[in-house]
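S.K.: Here you go, one structure.
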Amino acid sequence: MSLAIGIDSGTQSTKAVVLDLEERQIIARARASHRMIGGLPPGHAEQNPREWTSALDAVILEVCARVDRSRVRAIGISGQQHGFVPLDEAGDVIRPAKLWCDTSTADECAYLTRKLGGAAAVIRKAGLPFLPGYTAPKILWLKRHEPKNFDRLRHVLLPHDYLNFQLTGNYSMEFGDASGTALMDIRRRNWSRAVVSTIDSGLADWLPPLTPSHEAAGTLLRARAQAYGLPAGVVVSAGGGDNMMGAIGTGNVRPGIVTASLGTSGTIYACASRPVVDPRGEIAAFCSSTGGWLPLLCTMNVTTVTERVRALFGMDHASLDAAAAAAPVGSGGMVLLPYLSGERTPNVPFGSGVLLGLTEGTFVPAYWARAAMEGVTLGMNYGLRRMAALGIRPREIRVTGGGARSAAWRQIMADVFGVPVVAMVEDEGAALGAALQAAWCAARRNGRRNARIEEFTDGFVAPDESTRCRPDAANAACYREMQAIQDELSLALRRLFPKHRKIAAGRTITSPRPA
């Protein structure tokens, strides 16, 4: 009898689950919080990787104390995508990691796009455009802004790869998370020479080898195994980005299933057997962490927005949900442009939040609560409509993450997206996905060379039918009108956002983050 540990290292916390592979159930859980680095200029978002390693140790020790450690056979890591972890020759961190939500690299994106022949040429060569959230422009940012640190650079890793390195001592990167760096040729699954050489002639030597997602990153270092009280030979799987692991954890491993993840950011992604390359570059043509592709849209502002509203009015989560449910569909005409941290889809890195429709009648907590949920959902729907234009049309959307727990929000999603929406029995989709991929990697490493990921998702992953919401025709009609207003508002203001940002720079009031 064997166990697999799944870890999800996110922006705000690290979570762990232990999956009993025979009983097909999670038997232990743990969580440890992270801190962001405060006081940075607008657009900068950084974290010290020591936060991740400390949390990793804490959650593994906590879950191992609750199970028979001798049964643990594999560990899988899910991590926030796109973060740039720069290491020196000895494998030590050079500076804090720039995160997925860091939008300080707009100039570097423009430079790389120009050097490679324009946006269309970049998509032809790499399969996706340069966006501020991606890893490639962060590396160029380091070269331009911190040359002394860049001179020390000898290894480039993503957050989940860095944790794999801590566990195994090996430098590696699998196709799924690597595809979010903008350093790859997505179609051919290898590093793009054109992109890499444009950043620096030495960069090719500092990138780890690319490996298929079913191949393990290695086995647990002896010192780590002893510290955790685990047996020798525990397999550490390839792991992947949080969206790739979330796909596994929601059973999104066959074409036709679509997942929406509502966390700090919002993502919607589907399973595809071949690359889905968007000539406009709005849908990311990522690889999956199961051997296929994962066309994905990402918005940068989801629970960030609802948590701010919740904290502003002193609500707990149940009160926020009840307030949103009590307000009318359309929030009395309030339309939120939820760009608190800029935006990625659409690509508006200098965007800021805008609330249209404030009146004496709408300036009440319930309307704000609903407008926040509606605004971020309409923002995600901008990308979902683009996915539909590329041939991805969901029959249902499986939702995961903090936003999935709200009944009011699920109904808003069903009405906005126009298809049934259902939450999962196991809500920690990324951690569960990491555990399932770990079990898959271990099986293939231990003789079952033809084992398929579906053998591990089937029977472990299931929708919670009690949460299913179906679209209401009248509500959907209202949201189509609101969508048109939000789209037009975004377009009208994009030329003003850079000017406004210059005025706002250095004048931001720092307020406590919501608990």
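The values are calculated or read from the model by the stated rules, or taken from the named source; none is laboratory data. Just so it is clear, the structure is predicted and the values come from calculations on it, not from any experiment. Backbone-built Cβ (ideal geometry, glycine too); neighbour counts: all protein chains shown. Accessible surface is based on the protein model in full, side chains and every heavy atom, while ligands, DNA and RNA are left aside. Shrake-Rupley method; radii C 1.70, N 1.55, O 1.52, S 1.80 Å.
S.K.: How long is the gain from ILE37 to ARG222 if the chain were fully straight, where each residue apart is worth 0.36 nm and the alpha carbon distance is subtracted?
M.R.: 63.4 nm
S.K.: Normalised by the empirical 2.2 N^0.38 Å for globular proteins, what value does the Cα Rg of region 322-365 take?
M.R.: So region 322-365 has a normalised radius of gyration of 1.37.
S.K.: So who's got an amide H within less than 5 Å of the one on GLY218, skipping anything under 5 residues away but keeping other chains? H placed 1.01 Å off N, in plane.
M.R.: When sequence neighbours closer than 5 places are left aside, the close amide H contacts are VAL236.
S.K.: Which of the lysines could be linked to LYS138 by a straight reach, that is with a Cα gap under 24 Å, when you skip same-chain ones fewer than 8 residues away?
M.R.: Partners within reach: LYS98, LYS115, LYS125, LYS148, LYS499, LYS502.
S.K.: With a 1.4 Å probe and all protein chains left in place, how much accessible area per residue does region 266-425 have, in Å²?
M.R.: Value returned for region 266-425: 33 Å² of accessible area per residue.
S.K.: OK, next. Report D for the chain in µm² per second (integer): Stokes-Einstein, Kirkwood Rh on Cα pairs, 10 °C, 1.306 mPa s.
M.R.: Value of D from the Cα-based Kirkwood radius: 69 µm²/s.
S.K.: Relative contact order for the chain: what percent, with Cα pairs under 8 Å and sequence separation of 6 or more?
M.R.: 16
S.K.: A further question follows. Hey, with R₀ at 41 Å, roughly what FRET efficiency would ALA492 and ASN48 work out to, going by the Cβ-Cβ distance, to 0.05?
M.R.: 0.55
S.K.: Further question on the same structure: Given just the C-alpha atoms of region 121-201, how large is their convex hull per residue in cubic angstrom?
M.R.: About 101 Å³ per residue, rounded to a whole number.
S.K.: Take the solvent-accessible surface of the protein heavy atoms, probe 1.4 Å, and return the percent of it on region 30-99 that carbon and sulfur atoms account for.
M.R.: Carbon and sulfur: 47 percent of the exposed surface of region 30-99.
S.K.: A follow-up question, please. Please report the equivalent ellipsoid semi-axes of region 1-84, computed as sqrt(5 x eigenvalue) of the Cα gyration tensor, largest first, in whole Å.
M.R.: Working through the eigenvalues yields semi-axes of 30, 12, 9 Å.
S.K.: Within 11 Å, Cβ to Cβ, of ASP321, how many net charges do the neighbouring residues add up to if Lys/Arg are +1 and Asp/Glu are -1?
M.R.: +3
S.K.: Treat each spin label as a single point 7 Å out from the Cα along the C-beta direction, and report the GLU455 to ALA326 distance in nm.
M.R.: 5.4
S.K.: Given a 1.4 angstrom probe, I'd like the percentage of the accessible area of region 146-290 that is carbon and sulfur, rounded to a whole number.
M.R.: Accessible surface attributable to carbon and sulfur in region 146-290 totals 48 percent.
S.K.: Sticking with this structure for a sec: Taking each pair of different alpha-carbon atoms in region 307-462 once, compute 1/r for the pair, average those values, and report the inverse of that mean as the Kirkwood hydrodynamic radius in Å to one decimal.
M.R.: 17.9
S.K.: How big is the convex hull of the Cα atoms of region 174-249, per residue, in Å³?
M.R.: Normalising the Cα hull of region 174-249 by residue number yields 122 Å³.
S.K.: Moving on to the next point. Could you let me know the centre-to-centre spacing of region 217-273 and region 128-158, using Cα atoms, in angstrom?
M.R.: Between the Cα centre of region 217-273 and that of region 128-158, the gap is 25 Å.
S.K.: May I ask you to rank GLU22, GLU454, GLU481 by accessible area, largest first, using a 1.4 Å probe over the protein chains only?
M.R.: Greatest to least solvent exposure: GLU481, GLU22, GLU454.
S.K.: Turning to a different aspect of this structure: Rounded to the nearest 10 Å², what accessible area does ILE123 have for a 1.4 Å probe in the complete protein model?
M.R.: About 10 Å², ignoring ligands and nucleic acids.
S.K.: With each run of n ≥ 4 DSSP H residues scored as -39500 (n - 2.57), what mean residue ellipticity at 222 nm is computed for the chain after dividing by its residue count and rounding to the nearest 500 deg cm²/dmol?
M.R.: Computed ellipticity for the chain at 222 nm equals -11500 deg cm²/dmol.
S.K.: Could you do me a favour and compute the accessible area per residue for region 60-208, 1.4 Å probe, result in Å²?
M.R.: Ligands and nucleic acids excluded, the figure is 34 Å² per residue.
S.K.: What does the accessible area of VAL419 come to, in Å² to the nearest 10, when a probe of 1.4 Å is used?
M.R.: 20
S.K.: Would you kindly find the accessible area of THR290, with a 1.4 Å probe and non-protein molecules such as ligands, DNA and RNA excluded, rounding to the nearest 10 Å²?
M.R.: 40
S.K.: Any idea which of ALA110, SER54, PRO41 is furthest toward the positive side of the dipole for region 33-132, if Lys and Arg beta-carbons carry +1 and Asp and Glu beta-carbons -1?
M.R.: Toward the positive end, the furthest listed residue is ALA110.
S.K.: Would you mind checking which residues have amide H under 5 Å from LEU157's amide H? H placed 1.01 Å from N; only 5 or more apart, or other chain.
M.R.: When sequence neighbours closer than 5 places are left aside, the close amide H contacts are VAL85, LEU87.
S.K.: If we sort 486-499, 75-88, 131-144 on the protection proxy, mean other Cβ atoms within 10 Å, highest first, what's the order?
M.R.: In descending order of packing, they fall as 75-88, 131-144, 486-499.
S.K.: Can you list the HN-Hα couplings for region 103-112, worked out from phi with the Karplus curve (6.51, -1.76, 1.60; θ = phi - 60°), rounded to whole Hz and with x for Gly and Pro?
M.R.: 10, 7, 9, 4, 5, 5, 4, 5, 4, 5
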